[in-house]
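The values are calculated or read from the model by the stated rules, or taken from the named source; none is laboratory data. This structure is a prediction, so every number in the text was calculated from the model and none was measured. Cβ coordinates were reconstructed from backbone atoms using ideal geometry, including for glycine residues, and neighbour counts include every protein chain displayed. Note: areas computed on protein heavy atoms with side chains; ligands, DNA, RNA excluded. Shrake-Rupley method; radii C 1.70, N 1.55, O 1.52, S 1.80 Å.
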Amino acid sequence: SFWMFGVVAALSSWEELVRNFLTAQEELERSGKEDPLKTVINVDLAEPYIPKALQEVKTLNAEVLRDRAKKETYKLGTVPDGVRFLIATVDTQGNRFEVKVEGWGEWGENWTIDYFQIFKPEKGDRMLDPTQFAEDWDLLIGRVALKVYPLADGSDRGMPILITGIDMHGAAGASDQAYSFWRRAKAKGFRNKIRLLRGDPKLKHERWRETYPDSQRKDRKAISRGEVPVIGLNSNTLKNEVFVSLLKAEVGPGYRHHPKELIEDKILNYFDQLTAEELVDGIWKKIRARNEATDLSYYSRGLWLFKKCDRIKWDETVPAFAKPWDENPTLIPLKQGATGDQLAGPPKERRKLSSLLA
């Protein structure tokens, strides 16, 4: 037997080849998934497929992203028109948590809503230490998961966080603390609103996979007994998709917006972080020390997929959490005091928000 590629195969018409290519291209634009296009190029056209990240790697740099941000009119910490729901992600460092909140709209359009660091605990003058102190992890409920951001339309309404994903890796001890934290969060009603994340190099074709790891070992106290869900993320594939979305120069499906305030922040160096890696032999590798913004971006995309947002038919049935503002039941009147800081306090307010997002 032998195989003949589509261009010369008798059973493949030019119309079919063009249709397959355009359909795959549309899927790439809509969801950022390159596999369908790769199949068309490899199988139908018998050509090697070069990932978009490699094709365009020299066309994207921090200055390009800064120039685009200068054109944005929305303010950091507010929810602009077009955002349907918010996803928060947390990167665990030795002395802090790095936090990014992204807004997602129709067909994967994306806005950076907030970016901040948590360095200090509630009490005392010490630096945060996620490897040792359980109370440091508990800060993530009030300061992240329960935050509410005001809509930019001046209607005194706020949008809560739909789901928060937390990197469970870091220095020795961080993973154990993460398992314990998730159990406490579950007891407070956040089982489906807070999830642990980790990069999973074993994932090849899947972009994400939820597992229940068992970390019982003879040489230490058992921290997880297979009851804590962990979302494994295919870092290389998801970073490819983030990079492709950063390449988009025209506002629309998959485009990434960044507020101009982040240009002036010389401590975060946000745009340098977004371009701190390069693709080498199919693997993303750091070319600068700080890449937290890159990691947080692919965490958010992973959670976007986990919530099946790539399958939403925006011109048909839309989930309640992704409906337009005037139809969205998760929005909260800010005049009731439902700001992030206040919601982190009284148990009554916490229950209110948890019930709205259930």
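Some notes on this structure:
- For the range 94-111, filtered to residues that are within 30 Å of Lys313 (Cα to Cα) and of a type in the set (Phe, Trp, Tyr), the residue that is surrounded by the most Cβ atoms within 10 Å (Cβ to Cβ) is Trp104.
- Test result for Val64, surrounded by fewer than 21 Cβ atoms within 10 Å (Cβ to Cβ), under 22 Å from the mean Cα position of the chain (by Cα), β-branched (Val, Ile, Thr) and modelled with pLDDT under 95: yes
- Candidates Asp91, Asp114, filtered to the one that is within 16 Å of the chain's Cα centre (by Cα), under 30 Å from Lys313 (Cβ atoms), at pLDDT 95 or above and surrounded by fewer than 24 Cβ atoms within 10 Å (Cβ to Cβ): Asp114
- Residues in the range 313-327 that are in a loop (DSSP other than H, G, I, E, B) and farther than 16 Å from Ile87 by Cα: Lys313, Trp314, Asp315, Glu316, Thr317, Val318, Pro324.
- Of all residue pairs spaced 6 or more apart or on separate chains, those with beta-carbon atoms under 8 Å, a first member in the range 242-271 that is farther than 18 Å from Tyr298 by Cβ and a second member that is hydroxyl-bearing (Ser, Thr, Tyr) and in a loop (DSSP other than H, G, I, E, B) are Pro259/Tyr74.
- Pairing each residue of the range 13-33 that is under 20 Å from Trp107 (Cα atoms) with any residue that is modelled with pLDDT under 80 and outside any helix (DSSP H, G or I), provided the two are 6+ apart or on different chains, yields C-beta distances under 7 Å for Glu27/Lys33; Leu28/Glu34.
- Selected residue [at pLDDT below 90 and either within 20 Å of the chain's Cα centre (by Cα) or surrounded by 15 or more Cβ atoms within 10 Å (Cβ to Cβ) (or both)] from Val318, Val244: Val244
A quick yes/no check of all residues on (1) of a type outside the set (A, V, I, L, M); (2) farther than 22 Å from Leu139 by Cβ; (3) surrounded by fewer than 22 Cβ atoms within 10 Å (Cβ to Cβ); (4) at pLDDT below 90:
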position	(1), (2), (3), (4)
Ile163	no, no, no, no
Gly173	yes, no, yes, yes
Ser180	yes, no, yes, no
Ala185	no, no, no, no
Arg198	yes, no, yes, no
His205	yes, yes, yes, yes
Arg217	yes, yes, yes, yes
Ala222	no, yes, yes, yes
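- Residue match in the range 260-274 (condition: within 23 Å of Lys38 (Cβ to Cβ), among the basic types (Lys, Arg) and open to solvent by 10 Å² or more (accessible area, probe 1.4 Å)): no
- So Arg301, is it under 26 Å from Phe97 (Cβ atoms) and modelled with pLDDT of 95 or more: yes
- For the range 123-162, the set of residues classified as part of a loop (DSSP other than H, G, I, E, B) and within 18 Å of Asn95 (Cα to Cα) consists of Lys123, Gly124, Asp125, Arg126, Met127, Leu128, Asp129, Pro130, Thr131, Gln132, Phe133, listed by residue number.
- Hits in the range 117-137 - residues which are open to solvent by 10 Å² or more (accessible area, probe 1.4 Å) and either within 18 Å of Leu296 (Cα to Cα) or among the β-branched types (Val, Ile, Thr) (or both): Gln117, Phe119, Thr131
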